[in-house]
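Reading through the structure tokens given below for one structure.
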Amino acid sequence: MPYVTTPDNARLYYEETGSGTPILFVHEFASDHRGWEPQMRAFGQRYRCITYSARGYTPSDVPADPNAYTYKHVMRDAVIVLDHLGIDKAHLIGLSMGGYTCLQVALNHPERVRSLVLAGTGSGFERDFVEEFHQHSRALGDQFEREGAAAVARTYGMGPSRVPFLLKDPRGFAEFQRQLAEHDALGSANMSRGFQGARPSLLDFEAEIAKLATPALIVVGDEDERCIAASLFLKRTLAASGLVVFPKTGHAVNLEEPDLFNQAVADFLARVEAGRWAPRDPRTVAPPR
């Protein structure tokens, strides 16, 4: 099995397929490397596609130290995967926690990023909701440790932003829940408390985000209510960004609507590669009321 070893000796399992311009897929909190299978199959026909399981998600290692799960650790891990594979620059595609991670890579290592796809990114970013989001994430971590992943899959896995997936594709949703139930309880607990329960709001990086020239596509479902405001914020703040909203769609947009997601991302990547995804023209910005 292929692994990357981080400086703190955590082994990260990865898979790759295809050849050409590289794409790195970074998964959400409730998923792992398997959550990008529809994209690995589609984009692997034209690109070199890499997906990996974050620390705490088997078959990657599950560090025992709870302090080894900060958003900075996870951001550095993504860069280490690129380093290990000899990739200087890649398209980064992330969902939720993965989108936050991809954005952090762009902020800290912009020279490594060809473009960004930020899907379902930014839960809990509102100033009046940050502490509640952190508290909920820490409580979820305690539940993982106390009850195990299978029990959490039956509750957290049935949250409001997941129900659209269940209604639309019961078979696909059952696979998502089964994979969530297989997660390592300690790894998920530490990630929920360390990453989700302590990460800064996107608003804390507003000035830095506004300086990014990286082409970006923001994708959100219209029934992923906790990510809509954050997606609008990213659209306003990232100079070279576009926004796609999928109707009747929840959080796991790439699994719930794989065809729409792949089509939107394929068009975006083609435009970026052709040099046809420019920063927003100031003339398109309406004056303040």
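When only residues in the range 271-289 that are basic (Lys, Arg) and surrounded by 10 or more Cβ atoms within 10 Å (Cβ to Cβ) count, which is modelled with the lowest pLDDT?
Residue satisfying both the conditions and the ranking: ARG280.
Could you identify the single residue in SER123, SER137 that is modelled with pLDDT of 95 or more, of a type in the set (Ser, Thr, Tyr) and more than 20 Å from MET40 (Cα to Cα)? Spell out how you get there, then give the answer.
Values: SER123 fails: modelled with pLDDT of 95 or more.
Among SER123, SER137, only SER137 is modelled with pLDDT of 95 or more, of a type in the set (Ser, Thr, Tyr) and more than 20 Å from MET40 (Cα to Cα).
What number of residues within the range 122-144 are surrounded by 16 or more Cβ atoms within 10 Å (Cβ to Cβ) and part of a helix (DSSP H, G or I)?
Of the residues in that region, 10 qualify.
Give the range 16-35 a look and list any residue that's outside any loop (DSSP other than H, G, I, E, B) and without any contact (Cβ under 8 Å) to a residue 40 or more places away in the chain, or say none.
To start, the set of residues in the range 16-35 that are outside any loop (DSSP other than H, G, I, E, B) comprises 16-17, 22-26, 33-35.
If the condition is that a residue be outside any loop (DSSP other than H, G, I, E, B) and without any contact (Cβ under 8 Å) to a residue 40 or more places away in the chain, then THR17, HIS33 are the ones that fit.
When only residues in the range 145-181 that are part of a helix (DSSP H, G or I), farther than 20 Å from VAL62 by Cα and polar (S, T, N, Q) count, which is modelled with the highest pLDDT?
So the first thing to find is which residues in the range 145-181 are part of a helix (DSSP H, G or I), and the list is 145-147, 149-158, 163-168, 170-181.
With the extra rule that they be farther than 20 Å from VAL62 by Cα, the set shrinks to 154-158, 163-168, 170-177.
In the following step, the residues that additionally are polar (S, T, N, Q) were identified as 155, 177.
On the way: THR155: 93, GLN177: 96.
That would be GLN177.
Being more than 19 Å from VAL117 (Cα to Cα) and of a type in the set (Asp, Glu) is the filter; apply it to the range 1-49 and report the residue that is surrounded by the fewest Cβ atoms within 10 Å (Cβ to Cβ).
Ranking the candidates gives ASP8 first.
Out of everything in the range 124-165 that is more than 17 Å from ARG178 (Cβ to Cβ) and among the basic types (Lys, Arg), what residue ends up being farthest from the chain's Cα centre (by Cα)?
For the range 124-165, the residue satisfying everything is ARG146.
Can you name every residue in the range 38-74 that is closer than 18 Å to PRO22 by Cβ, in a helix (DSSP H, G or I) and without any contact (Cβ under 8 Å) to a residue 40 or more places away in the chain?
MET40, ARG41 - these are the residues of the range 38-74 that are closer than 18 Å to PRO22 by Cβ, in a helix (DSSP H, G or I) and without any contact (Cβ under 8 Å) to a residue 40 or more places away in the chain.
Considering only the range 186-275, give the helices (runs of 4 or more DSSP H) lying wholly within it that have at least 2 residues that are farther than 25 Å from LYS168 by Cβ. Steps first, answer last, please.
Numbers: elements: 206-211, 225-237, 253-256, 258-273.
Of the helices (runs of 4 or more DSSP H) lying wholly inside the range 186-275, those with at least 2 residues that are farther than 25 Å from LYS168 by Cβ span 206-211, 225-237, 258-273.
The values are calculated or read from the model by the stated rules, or taken from the named source; none is laboratory data. This one's a predicted model, so the numbers in the text were calculated from it and none came from an experiment. Virtual Cβ from ideal backbone geometry, glycine too; neighbours counted across all protein chains shown.
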